[in-house]
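Accompanying notes for the structure given below.
The values are calculated or read from the model by the stated rules, or taken from the named source; none is laboratory data. Here the structure is a predicted model, which is why all the values come from computation and not from measurement. Cβ placement follows ideal geometry from the backbone for every residue including glycine, while neighbour counts extend to all protein chains displayed.
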Amino acid sequence: MYIIVVGAGKVGWNLARELLEKDHEVTLIESNRRRYLTVEQELEHNVSYGDASELWVLERAGIQRADMVIAVTGDDEDNMLICQVAREKYLVERIIARVNNPRNRQHFDLLGIKPSVSATDLILRLLEHEVPEYGLVHLLDLQEEQLEIIEMLLGKDSGVTGRRVGDLQMPEGSLLISVLRSGKGFVPSADTVLEEGDEVLAVLDPGKEDDLKALFGPEGNGSNGG
Amino acid sequence: MFILIVGCGRVGSSVARAMLREGHEVSCLDEDPESHARLEVGLEKSWEDLGGQFTVGAGLETEALVAAGIENADVFIASTDGDNTNIVIAQIAQRRYEVPTVIARVLDPLRAEWYQRQGLHTVCPTSVAIDMLESAVRDSGGRGGTPGETAEAA
C-alpha cells in the first residue's frame, strides 16, 4: 500500500518506520524544518518537508495515488482538515486521524473524520478496565454497525446477583452474550444464575448504557423480571 | 442581525466595530483577553457600553461558542489567524448550529477556492492582494507613466 503519514512527531516517525518495515511505501510529511532534517537522516527520501494543510504539498507527495492517509500532527484542526481534504477532494479510501484533545472528538465526528484515535481516550479505557469501580467498561464500539460491546462487573450490591438470566428484563436492544466467572467464560442460558464477582458482556445499541447500568448496578430493578 | 465574530484581530475587530455602528448586535470571541482592547480603538465609550459582547475562549470549545451566542447567531465570521481553525469552526457553525450565513477567512487561495466549491463562503485576502498587485503593475505605465494614478487605482 502507499501510505502518507502527516506529522513526524514521536507517533508519526515510529509509525512510518513500522510501516516501512512491513514493506509499505510511505511518505512522511513534516512542516518543521529542524524536525524534518532530524528525521530525514534516518528515513531519507521517505520524508518530505512541507505543510500538509496546503494542497500542493499533498499533491507533491502523490496523494492522488495514496491508499491511506494518516494524520498524526499535534494539532487537531490540521488532522481534521488533512483527512477531510484527503477523502473528499482526493478520494483517498482510508483515513486515520489522531485526536489530541478528546473534547475535539465531536468535531471529528461532525466532519465525518473516522476512524479517529485518541491516546488519552485509550488510556482512560485502560484505566476503566483496571479500576472496576467504574462499573461499566466499553470494550468495542462498532460505529458503522451501530453496536457496542460492554463489560460490567457485578458487585455485591448489584440488583441482579442471585437472579436467573431468564428472569432479567433486559432493555430492548441489548443482549447478554457471555459471563466470565473465576477466570472462565461461558455463554449464559436462561437458567444461569448470576453471582457476585461475575463479569458480564453485553452487546447493545448505543445509548442503552444507562438502562443496563440501572439494571446491573446497585439496587438494580432486576427483580422486576417476570 | 446577530453577528458572531471569532478571532478579534485587526480584521475581526474592524468588522465588529463597523457592524455595531450599523446597528447590529455583535458578539466577539477570542482566546486572548487582551484583544478586547483592540475592539475599543477609536471608540469613545467601552465596547460593552455600546452594546457589544466579548467572550474569552477558543473557537473549538463548544462551551465558548455557546457562551458567545452561536445558537442565536444570524451571521458567523471565522477570522482567527489560523486557516485550519477558521475552516473547522465555520463548518461547525454551519453543520452543528445551522447558522444561516457563515463566512471564513482563508489565506491559502487553493483551499479557499476548494472549500468555496464545497459550499462554504470563504474570503481570501491573499487572492485580493494578488489581484490588486497584478492590476497595479498592469496599470503602471513604466517610466513614462504617472505614478499618482496608479496609487489611486490600487
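Overview of results
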quantity	calculated
Residue within the stretch B:63-82 that is within 13 Å of the chain's Cα centre (by Cα), buried (at least 17 other Cβ atoms within 10 Å of the Cβ) and farther than 18 Å from B:Cys124 by Cβ present	yes
Residue satisfying all of: in the stretch A:89-106; facing chain B (nearest Cβ under 10 Å) and at pLDDT below 95; surrounded by the fewest Cβ atoms within 10 Å (Cβ to Cβ) among these	A:Asn101
Flag if A:Ala52 is within 14 Å of chain B (Cβ to nearest Cβ), assigned to a loop (DSSP other than H, G, I, E, B), of a type in the set (Gly, Ala, Ser) and under 27 Å from the mean Cα position of the chain (by Cα)	yes
Qualifying residue in the stretch A:62-74 (condition: surrounded by 23 or more Cβ atoms within 10 Å (Cβ to Cβ), out of contact with any Gly (no Cβ under 7 Å at 6 or more places or on another chain), of a type outside the set (Gly, Ala, Ser) and closer than 28 Å to B:Thr62 by Cβ)	yes
Answer from B:Asp74, B:Asp30, B:Asp81 - the residue that is touching a residue at least 12 places away in the same chain (Cβ under 8 Å) and in contact with a Pro (Cβ under 9 Å, 6 or more places away or on another chain)	B:Asp74
Selection within the stretch B:82-111 - over 18 Å from B:Val66 (Cβ atoms) and among the basic types (Lys, Arg)	B:Arg105, B:Arg111
Whichever residue in the stretch B:108-139 is within 11 Å of chain A (Cβ to nearest Cβ) and part of a helix (DSSP H, G or I) and, among such residues, is surrounded by the most Cβ atoms within 10 Å (Cβ to Cβ)	B:Tyr115
Residue that is farthest from A:Arg105 (Cα to Cα) [pool: residues in the stretch B:56-107 that are assigned to a helix (DSSP H, G or I), at the interface with another protein chain (Cβ under 10 Å from one of its Cβ atoms) and not polar (S, T, N, Q)]	B:Asp83
Some residue of the stretch B:7-18 being surrounded by fewer than 17 Cβ atoms within 10 Å (Cβ to Cβ) and either among the aliphatic types (A, V, I, L, M) or more than 15 Å from the chain's Cα centre (by Cα) (or both)	yes
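Every residue, every condition in (1) farther than 18 Å from A:Pro115 by Cβ; (2) surrounded by fewer than 22 Cβ atoms within 10 Å (Cβ to Cβ); (3) more than 14 Å from chain B (Cβ to nearest Cβ), yes or no:
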{"position": "A:Trp13", "(1), (2), (3)": "yes, yes, yes"}
{"position": "A:Ala16", "(1), (2), (3)": "yes, no, yes"}
{"position": "A:Tyr36", "(1), (2), (3)": "yes, yes, yes"}
{"position": "A:Glu40", "(1), (2), (3)": "yes, yes, yes"}
{"position": "A:Trp56", "(1), (2), (3)": "yes, yes, no"}
{"position": "A:Cys83", "(1), (2), (3)": "no, no, no"}
